[in-house]
Amino acid sequence: MARAFASQVLSANRLADGRVVFLGPDRAGWVDDFHAAGVWRTQAEATAAIGAAQTFVAGNVVLDVAPVEVTGDGDRLRPVSLRDAIRAALRPSVAPRLPSGFTLDTTFGGGI
Amino acid sequence: MYRYDEFDAAFVADRVAQFSDQIERRLSGELTEDQFKIHRLMNGVYLQLHSYMLRIAIPYGALSSRQLRKLADIARRYDKGYGHFTTRQNLQFNWTALSDAPAILRELASVEMHCIQTSGNCIRNTTADHFAGVAADEIEDPRPWAEILRQWSSLHPEFTYLPRKFKIAINGATRDRAAIRTHDIGLQIVRNDAGETGFQVFVGGGQGRTPMIAREIRAFLPAHHLIAYVDSILRVYNLNGRRDNKYKARIKILVHEKGIDWMRREVEADFAARPDRSLTLADDEIAAIRAFFAPPALPARAAASADAGARAARDAAFAAFRANNVLAHKIQGYGAVTISLKPVGGIPGDISADQMELVADLADKYSQGEARVSHEQNLVLPHVALDDLPALHDALVAAGLGDGNVGLASDIIACPGLDYCALATARSIPIAQDISKRFGHLARAADIGPLKIKISGCINACGHHHVGHIGILGLERRGEETYQLTLGGSADEASAVGQITGPGFAADEIVDAVQTVTEVYLALRKGPDEAFVDAFRRLGMAPFKTALYERNAGADI
């Protein structure tokens, strides 16, 4: 029996800086907030999304477009795999630890 | 340290200009990613889980204070204020932008650094003993030879598109501190009966999905034939190495499939067929390079330091630092100090920009402006007066760098793992942190004694888990992280691949499993003087396996 289609978002890396981005719900651009990403709930939607994403690859905006299987909705939207969850958080699961008095740029973005 | 001449500076400047142009053409779309990727890799730029990662070459681990300050500056301006020292003596920045790479490379070039050949199917950074030139057990300083290999291998026209990556390591002491038998070519400096310097040459070592210990191909290679012979090994590999399967393309597979005798015949035939004196190193060439590595003129000092001794008597933390982090120097009154980048509960190998600058200051104040990177992801100040140890320790403690745990259970090697690496299958850093905390108490770690724990987040083994006394490999099974445990690995002159204990452990079980292993060791060792790895070799796997899997099997009955 064929596996039911699993909802997904599309991730990619921005060409200029390599940062992880997600195709927006209007398929017209990319967002860096996982919770602002477009969620594709049918095969047809996903196919259309991939087509849109590839135009941005051809336009040298992003590279390495990859589907991310997700579960849940709204604030509860989560990637299924740990790898995708770490990637969607835009930061490692462990932040560098430093003693007090030492500075670090802690502007890790996003978060899930 | 080696200093660039006009040729070197022009060479690096040309490469920066070339790669900057390639980046510009990639960003404009003139180059596709497929066309660009090979150049990106050979200039040390990876696309990782979160961002581009830039891998900076630190030839044979040698760093000046000036270079450390520049790395700190780059970390602040172009990254997130920290970097990561690797198991190949390089530095990685995890958050660089491709668009910033030209500027970063120009900054690096200004202090005689670059990222050339830190990735790609070419000859990578040649690594060496991090105590080169200072260790009391040294036969000869390997750094001049490592520098000669670096110059020969940089943009070599014949070896730029090898079947796969190629790694060389060289050791100059009786103890192998460079893990040479786990490299594609391992070189051990030796002396023959006539007192002449030469190399014992090993070939076909490697880790990854098919770990192999290198085989001896030449017992004694006269030193001036080093480049010619290594060149012959590369030629045989380049001609015969597999290109049909990326996972069977390393020289270790060629040696395994054809046999070491075949390899030796081919290499010796190529070597013998060279035109007379082709690539033979002239004495004046060797001398010119060796001159860059002349030992500093260190003022004479007493063999022991009363100050350091008195401090150790009243300060247990300093006593541990002095006992574990200081190696006997060739010159009396001095020591080579290892700065642990493994604070208890910290991320192995990570260092902040502020810490880099502090180490640079300490290098200037206490170590002739010189530092080293070890393949065990620590830093070394090679020329510290024993009288300066207390003050040095105080400064390191204030910066979170004062742990006296070198060589102990919390001195863990770990790759970045799934937190950073696109290839990873499991996280390694949280496991390292938990193990570090479990064994962080110095008295406990001291009781266990020398113990090398190495953790890799995937089969590629960048954490060198195969040669850990305790090795941990993170995998993914049915969506969950699972950790395979190996015991008895070793990267020294008695190199061995660790043995798998049995079924893997979940993330919340692996630290207990490691503890179980140490408890078995403590219960069965002959005494405190029998180190873990020696006890394992004597006892074998059986008692450890019983404790890990069978002891609890009947608990539910």
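Quick notes
- Residue-averaged beta-carbon neighbours from other chains (10 angstrom radius) around A:62-68: 1
- For the residue pairs B:80/B:437; B:252/B:454; B:70/B:246; B:167/B:452; B:165/B:342, alpha carbon separations beyond 31 Å are given by B:70/B:246.
- Loop-located trypsin sites (Lys or Arg not before Pro) in segment B:441-497 (DSSP state other than H, G, I, E, B) with a sparse environment of at most 16 neighbouring Cβ atoms within 10 Å: B:478.
- Positive contributions from Lys and Arg (+1) and negative ones from Asp and Glu (-1), summed over other residues with Cβ under 10 Å from the Cβ of residue B:468, come out at +2.
- Rolling a 1.4 Å probe over the protein heavy atoms of chain B, with every protein chain left in place, gives an accessible area that is 51 percent carbon and sulfur.
- Within the accessible area of segment A:1-41 (1.4 Å probe), percent carbon and sulfur: 50 percent
- Counted charge near residue B:294, where neighbours are those whose Cβ lies closer than 15 Å (Asp, Glu -1; Lys, Arg +1): -1
- Heavy-atom accessible area, 1.4 Å probe, ligands and nucleic acids excluded: residues of segment A:13-41 down by at least 30 Å² from chain alone: A:15, A:16, A:17, A:18, A:19
- Cβ distances below 4.7 Å define possible disulfide partners, and in chain B the cysteines left without one are B:115, B:122, B:421, B:458.
- B:145, B:152, ranked by accessible area, largest first (probe 1.4 Å): B:152, B:145
- Solvent-accessible area per residue in chain B equals 37 Å², computed with a 1.4 angstrom probe and all protein chains kept.
- Model label points for residue B:30 and residue A:36, set 7 angstrom from Cα along the Cα-to-Cβ axis, are 3.3 nm apart.
- Here chain B is assigned +1 on the Cβ of each Lys and Arg and -1 on the Cβ of each Asp and Glu. Its dipole about the Cα centre then comes out at about 1040 debye.
- For residue B:316, the shell of other residues with beta-carbons less than 15 Å away shows a net charge of 0, using +1 for Lys and Arg and -1 for Asp and Glu.
- Sequence-distant lysines (8 or more away, or on other chains) whose Cα lies within less than 22 Å of residue B:330: B:365
- Residues along segment B:43-58 losing 30 Å² or more of accessible surface when the other protein chains are present rather than the chain by itself (probe 1.4 Å): B:47, B:49, B:50, B:52
- Theoretical FRET efficiency, 1/(1+(r/R0)^6), r = Cβ-Cβ of residue B:283 and residue A:81, R0 56 Å, to 0.05: 0.40
- Each 10 Å bin, from zero up to the one with the longest distance, holds this percent of the alpha carbon pairs of segment B:6-109: 14, 47, 33, 6.
- Chain B packed on chain A takes about 2900 Å² of accessible surface away from a 1.4 Å probe, both sides summed.
- Rounded FRET efficiency, nearest 0.05, which uses the C-beta distance separating residue B:523 from residue B:66 and R0 of 56 Å: 0.65
- Residues in segment B:303-351 that, when all protein chains are in place, have 30 Å² or more less accessible area than the chain alone would give (probe 1.4 Å): B:347
- Whole-Å distance, taken between Cα centres, linking segment B:281-303 and segment B:354-369: 22 Å
The values are calculated or read from the model by the stated rules, or taken from the named source; none is laboratory data. Since this is a predicted model, take the numbers as computed values, not measurements. No Cβ is skipped: glycine too gets one built from the backbone with ideal geometry, and neighbour counts run over all protein chains shown. Protein only, heavy atoms only, side chains kept; ligands, DNA and RNA dropped before computing areas. Shrake-Rupley method; radii C 1.70, N 1.55, O 1.52, S 1.80 Å.
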